[in-house]
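Asks: First the structure, which I've put down as C-alpha cells, then a few questions once you've had a look.
The values are calculated or read from the model by the stated rules, or taken from the named source; none is laboratory data. Please read these numbers as outputs of a predicted model, since none were measured by experiment. Cβ placement follows ideal geometry from the backbone for every residue including glycine, while neighbour counts extend to all protein chains displayed. Please note that ligands, DNA and RNA were not included when accessible areas were found on the heavy atoms of the full protein model with its side chains. Shrake-Rupley method; radii C 1.70, N 1.55, O 1.52, S 1.80 Å.
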Amino acid sequence: MPTEYRFSFGPWNISEGADPFGPEVRTPYSMQEKFDMYKPLGFEGVQFHDDDVVEDIEEHAPEAALARAREVKKMLDDRQLVAEFVAPRLWFDPRTVDGGFTSNSAEHRQYALDRCLRAIDIAREVGTPNIVMWLAREGSYIRESKNARLAVDRIREGIDRMLEYDGEVRIWIEPKPNEPVDSAYIPTIGHALALAYQTVDPSRVSGLIETAHSLLAGLDPSDDMAFALAHNKLSSVHLNDQGGLKFDQDKCFGSFNLRSAFNQIRVLEENNYGAAGEFVGLDVKVMRTQQQAGSTDHLLASRRTFERILEKVRSIDKNIEQQFIDNRDYEALDQYILNHLMGCA
Ligand code: XLS
Ligand code: MG
C-alpha cells in the first residue's frame, strides 16, 4: 500500500469568486504566482485546461501556442511540478454553444475535434500524455433538439480520432450528469467506461471520478470509484463535496459528509490507488465570502482532511470489523465505524 499520496489541483481552483449572480470579489493571481503556491500547499501535480497553458489559445497560431506551452513546462520544471493532464475547454467558445462533438453543426463538430487535437499537442509539450474529457455541453436542454443515439456515436468517433492522432495519448473521461446542460449523454462512470470499450483502443481510455459529479447523479462516489477500479480504469479522482442535488458546489473535501469522505479514501487505499503514479486531485472552490488572503485555504484544508481521514482508514481494527461482518451484525459495524470516526471507538 502506498504510504504517501501525491496531490494535484488546477489553476481554476484558485478563483476570484464570481458566480452567476455576482462578479469577482478577489483579484486574480498570475499563473506564475499560482505555480509558486503549489509546493508550499503540499501539491506537486498541476491539472490544466488547454487555455490555462496557452491563454487566449484561439489567438495563437499553432507554433506560437506550442512555444508558450514549452515556457509553461519550464515554469513547472523550475518548481519541481508536473502536469497531470490537459483538458480541452470545449465549453467556452461560441462554436460550442450547443456542444462540441454533439453539436448539430458539422462545422462546429470539426472545430471541437481540431481543438482537442491542439490540446493533445499542448499536453505533449507540458509533458503529459493525459487528456481529460469533461463533456460539459455534450447533452441537451430538450430531448427533441438532438439525436441522442447519434450523439453517443459522435462522442466515440471524436475520441477515436484523438486516439488515432497520437499513439500515446490517454483519454480520461470525467462524467457529470448535468450542468451546464440539463442532461448529459455520458452522465456516469458506467456510461463513460461502456464508451471506452467501444473505442478503437480501450486500453487508452479510462475514467476520472469527481465526488460531486457522482453525488449529482444520485450515486455513491466510493462505489463509483470501486466500479472503475474493478475495470482497472480509475486514472484520477477529483475529490470535493456536495450538499445534495444542487449546483456543482465543489466544497472542501469532507466538508459535507465525513463518512462518505472516509469511504472514498477507504476504497482508494484498499485498492492501492496511487501505486501507478495516479494523483489525488482536489477539485475544490473557496467560498465567495473568503478574503484575498484566504484564496487557497480550501486546498490546504482539503489535503489535510484527506490525510487525517486516511489515518482513520488505516487505524480501523480489521479484526473487529471482520467479526461484525462474520456475525452479520451490521448495526454493531455501523456503530464501530461512527465511534472510530468520532474518536471514541
Ligand atoms: C467541472 C469539472 C472541471 C474538470 C476539468 O465540473 O470538474 O473542473 O475537472 O475540466
Ligand atoms: Mg472535476
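Asks: Can you find even one residue in the stretch 292-307 that is open to solvent by less than 60 Å² (accessible area, probe 1.4 Å) and in a loop (DSSP other than H, G, I, E, B)?
Replies: So far as the stretch 292-307 goes, yes, one or more of its residues are open to solvent by less than 60 Å² (accessible area, probe 1.4 Å) and in a loop (DSSP other than H, G, I, E, B).
Asks: Turning to a different aspect of this structure: Name the residue, out of 46, 25, that is surrounded by 18 or more Cβ atoms within 10 Å (Cβ to Cβ), within 19 Å of residue 284 (Cα to Cα) and among the β-branched types (Val, Ile, Thr). Even if it seems obvious, please write down each step before you answer.
Replies: Details: 25 fails: surrounded by 18 or more Cβ atoms within 10 Å (Cβ to Cβ).
Within the list 46, 25, the selection yields 46.
Results for (1) touching a His at 6+ places or on another chain (Cβ under 8 Å); (2) closer than 21 Å to residue 26 by Cβ; (3) at pLDDT 95 or above; (4) more than 15 Å from ligand 2 (Cβ to nearest atom), shown as yes or no for each residue.
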position: 254; (1), (2), (3), (4): no, no, yes, yes
position: 285; (1), (2), (3), (4): yes, yes, yes, no
position: 297; (1), (2), (3), (4): no, yes, yes, yes
position: 303; (1), (2), (3), (4): no, yes, yes, yes
position: 322; (1), (2), (3), (4): no, no, yes, yes
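So that you can scan it fast, the table gives a plain yes or no per residue for (1) polar (S, T, N, Q); (2) within 16 Å of ligand 2 (Cβ to nearest atom); (3) surrounded by fewer than 20 Cβ atoms within 10 Å (Cβ to Cβ); (4) assigned to a helix (DSSP H, G or I):
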position: 167; (1), (2), (3), (4): no, no, yes, no
position: 193; (1), (2), (3), (4): no, no, no, yes
position: 200; (1), (2), (3), (4): no, no, yes, no
position: 215; (1), (2), (3), (4): no, yes, no, yes
position: 229; (1), (2), (3), (4): no, no, yes, yes
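Asks: Output the number of the condition that residue 67 fails; it satisfies all remaining conditions of (1) within 19 Å of residue 12 (Cα to Cα); (2) open to solvent by 10 Å² or more (accessible area, probe 1.4 Å).
Replies: Only one criterion in (1) within 19 Å of residue 12 (Cα to Cα); (2) open to solvent by 10 Å² or more (accessible area, probe 1.4 Å) is unmet by residue 67, namely (1).
Asks: Looking at 83, 61, 69, can you tell me which residue is closer than 27 Å to residue 115 by Cα, more than 22 Å from the chain's Cα centre (by Cα) and of a type in the set (A, V, I, L, M, F, W, C)? Spell out the reasoning first.
Replies: Working: 83 fails: more than 22 Å from the chain's Cα centre (by Cα); 69 fails: more than 22 Å from the chain's Cα centre (by Cα).
Result of the check over 83, 61, 69: 61.
Asks: Same structure again: Which residue pairs have Cβ atoms under 6 Å apart, sit 6 or more places apart or on different chains, and have a first residue in the stretch 237-251 that is more than 9 Å from ligand 2 (Cβ to nearest atom) and a second that is open to solvent by less than 60 Å² (accessible area, probe 1.4 Å) and of a type in the set (D, E, K, R)?
Replies: 251/241
Asks: Which residues, taken from the stretch 102-127, are open to solvent by less than 10 Å² (accessible area, probe 1.4 Å) and assigned to a loop (DSSP other than H, G, I, E, B)?
Replies: Correct list: 102, 103.
Asks: If you go through the stretch 231-257, how many residues are aromatic (Phe, Trp, Tyr) and surrounded by 18 or more Cβ atoms within 10 Å (Cβ to Cβ)? Step through it out loud before you land on a result.
Replies: Of the stretch 231-257, the ones aromatic (Phe, Trp, Tyr) are 247, 253, 256.
Of the ones still in play, those that are also surrounded by 18 or more Cβ atoms within 10 Å (Cβ to Cβ) are 253, 256.
Residues flagged as aromatic (Phe, Trp, Tyr) and surrounded by 18 or more Cβ atoms within 10 Å (Cβ to Cβ) within the stretch 231-257 amount to 2.
Asks: Name the single residue that is farthest from ligand 1 (Cβ to nearest atom) among those in the stretch 258-273 being part of a loop (DSSP other than H, G, I, E, B) and surrounded by fewer than 19 Cβ atoms within 10 Å (Cβ to Cβ).
Replies: Taking the candidates together, the pick is 272.
Asks: While we're looking at this one, here's another question. (1) open to solvent by 20 Å² or more (accessible area, probe 1.4 Å); (2) under 22 Å from the mean Cα position of the chain (by Cα); (3) not hydroxyl-bearing (Ser, Thr, Tyr): which one isn't true of residue 98, the others all being true?
Replies: Against the list (1) open to solvent by 20 Å² or more (accessible area, probe 1.4 Å); (2) under 22 Å from the mean Cα position of the chain (by Cα); (3) not hydroxyl-bearing (Ser, Thr, Tyr), residue 98 comes up short only on (2).
Asks: Hey, among the residues in the stretch 308-337 that are among the aliphatic types (A, V, I, L, M) and without any contact (Cβ under 8 Å) to a residue 12 or more places away in the chain, which one's surrounded by the most Cβ atoms within 10 Å (Cβ to Cβ)? Outline the logic, then answer.
Replies: At the first step, the residues of the stretch 308-337 found to be among the aliphatic types (A, V, I, L, M) are 309-310, 313, 316, 320, 325, 332-333, 337.
Restricting the remaining residues to those that are without any contact (Cβ under 8 Å) to a residue 12 or more places away in the chain gives 325, 332.
On the way: 325: 12, 332: 14.
Per the stated criteria, the residue is 332.
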